[in-house]
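Below is one structure, written out as structure tokens, with a few remarks after it.
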Amino acid sequence: YLKYFLDMFITLKTKIWLTILTIVLLFTFFTLYYFPKQQGQTLLKNYNNEVLNLAKTVALGVKIALNEQNYEGVMTAMEFVKGTPGLKFVSLLQIDTVWDESHTRFTIKESVFKTYPDTIKPDPGIQSSDSIIVKRAVFETSMMSGAILLGFSTDAIRMSQQKVQQTSLIVSGGIFLVGLLIGLWLARNISVPVRTLRDAARRVGKGDLTPIHENFSRDEIGDLAKEFNGMVQDIATAREELNESNRSLSDTNKLLNTTLDDLKSTQAQLIQSEKMA
């Protein structure tokens with residue numbers, strides 16, 4: 001039923017525009033939604049991996065410094081990420097095992113031992129959110145058990161996503177413009193010639209055998225127009241031959257009628273002569 005509806009009530013030009021619109025909408029969906037979303041997920045994943053690797057690097061430096069009892073080396077290791085863009089804080093956590101009075105149960109207590117910069121006091125239990133990425137790397141030494149807590153802002157990711165969205169918007173606009181131009185070109189080179197052929201066919205049905213004089217492109221539609229003109233010429237030739245045959249038949253009928261009249265006259269004369277004899 002849908003195919004019947006499309007064939008009956010939707011013109012060729014409308015079908016062309018619907019096809020172009022569908023393709024443009026699909027490209028727009030991928031460029032404005034799917035690709036930016038995938039790109040954002042990839043950026044977030046890579047950023048998380050980078051922060052985790054930095055946390056592991058700092059934790060390794062702190063572990064080496066503590067094993068060597070080099071307390072200045074601890075600060076040097078923590079300041080390793082000092083100039084990294086997006087850094088919010090880097091904290092050295094001390095992890096202690098706290099037993100109850102009966103020494104049957106214990107809890108893990110985490111406390112901030114040192115933080116850079118000093119003005120920030122992060123919660124040891126802080127988790128990643130939309131505005132910050134938090135990663136931790138645990139280490140173990142003879143002096144203490146601890147972890148490096150590293151926090152980075154997600155502003156760089158949001159800026160990258162905004163750039164991707166702006167680029168996607170520009171690409172979508174370009175795709176829409178190209179689709180519009182393609183639609184106009186197809187409508188001009190397909191719909192208009194087809195309507196011309198349709199109108200010419202209607203004129204032929206009414207007896208007007210005027211050929212098509214428009215210049216068509218050198219493709220299947222142009223070949224169809226040439227064949228149509230050839231058909232019209234054949235019909236005109238056949239009509240002329242038929243008219244000529246009708247005229248010849250009319251002359252023959254006239255001659256036969258004259259001959260028949262002569263025969264009747266001759267017969268009447270013979271009958272009269274016989275009666276006189």
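The values are calculated or read from the model by the stated rules, or taken from the named source; none is laboratory data. Because the structure is a prediction, the values reported are computed rather than measured. Note that we place each Cβ from the backbone using ideal geometry, even for glycine, and neighbour counts take in every protein chain shown. Calculation scope for accessible area: heavy atoms of the full protein, side chains included, ligands and nucleic acids excluded. Shrake-Rupley method; radii C 1.70, N 1.55, O 1.52, S 1.80 Å.
Tell me the mean residue ellipticity at 222 nm calculated for the chain from its helices only (DSSP H runs of n ≥ 4, each -39500 (n - 2.57), averaged over every residue, nearest 500).
For the chain, the value works out to -21500 deg cm²/dmol.
Once the dipole of the chain is set up with Lys and Arg at +1 and Asp and Glu at -1 on Cβ about the Cα centre, which of 75, 27, 48 lies farthest towards its positive end?
75
Is the shape of region 59-100 best called rounded, prolate or oblate, per the rule: a/c under 1.5 gives rounded, else a/b larger than b/c gives prolate, else oblate, with a ≥ b ≥ c the square roots of the Cα gyration tensor eigenvalues?
It is oblate, given that a/c is not under 1.5 and a/b is not larger than b/c.
For region 129-277, with only Lys/Arg (+1) and Asp/Glu (-1) charged at the beta-carbon, what is the dipole magnitude about the Cα centre, in debye rounded to 20?
The calculated dipole for region 129-277 is roughly 720 debye.
Enter the Cα centre distance for the pair region 246-277 and region 115-151, rounded to the nearest angstrom.
Here the two parts' Cα centres lie 130 Å apart.
Can you give me the % of accessible surface on the chain that is carbon or sulfur? Probe 1.4 Å, all protein chains present, nothing else counted.
With neighbouring chains kept in place, the figure for the chain is 59 percent.
How far is it, in nm, from the label point at residue 238 to the one at residue 176 when both lie 7 Å from their Cα along the line to the Cβ?
Going by the 7 Å Cα→Cβ label model, 5.3 nm.
I'd like to know which of 171, 182, 230 lies farthest towards the positive end of the charge dipole of region 151-277, counting +1 on Cβ of Lys and Arg and -1 on Cβ of Asp and Glu.
171
Using 0.36 nm per residue of separation minus the Cα-Cα distance, give me the extension gain between residue 130 and residue 41 in nm, one decimal.
30.8 nm
Taking the Cα centre of region 60-214 as origin and charging only Cβ (+1 Lys, Arg; -1 Asp, Glu), how large is the dipole, in debye to the nearest 20?
1320
Could you compute the FRET efficiency for residue 256 and residue 23, with r as their C-beta to C-beta distance and R0 at 51 Å, rounded to 0.05?
Calculated value: 0.10.
Using only the alpha-carbon atoms, how far is helix 12-29 inclined from the longest principal axis of the chain? Give it as 0 to 90 degrees, nearest 10.
With rounding to tens, the tilt is 10 degrees.
Could you rank the peptides 243-256, 60-73 by their average count of other C-beta atoms within 10 Å per residue, with the highest value first?
Ranking, from highest mean packing down: 60-73, 243-256.
In debye, nearest 20: dipole of the chain around its Cα centre with unit charges on the Cβ of K, R (+) and D, E (-)?
Dipole magnitude for the chain comes out near 420 debye.
For the ranges 143-155, 228-240, what's the packing order if you count other beta-carbon atoms within 10 Å of each residue, average per peptide, and put the highest first?
143-155, 228-240
Hey, for a label at residue 60 modelled as a point 7 Å past Cα toward Cβ, could you say which residues of region 72-90 have their backbone N under 18 Å away?
Backbone N within reach: 73-82.
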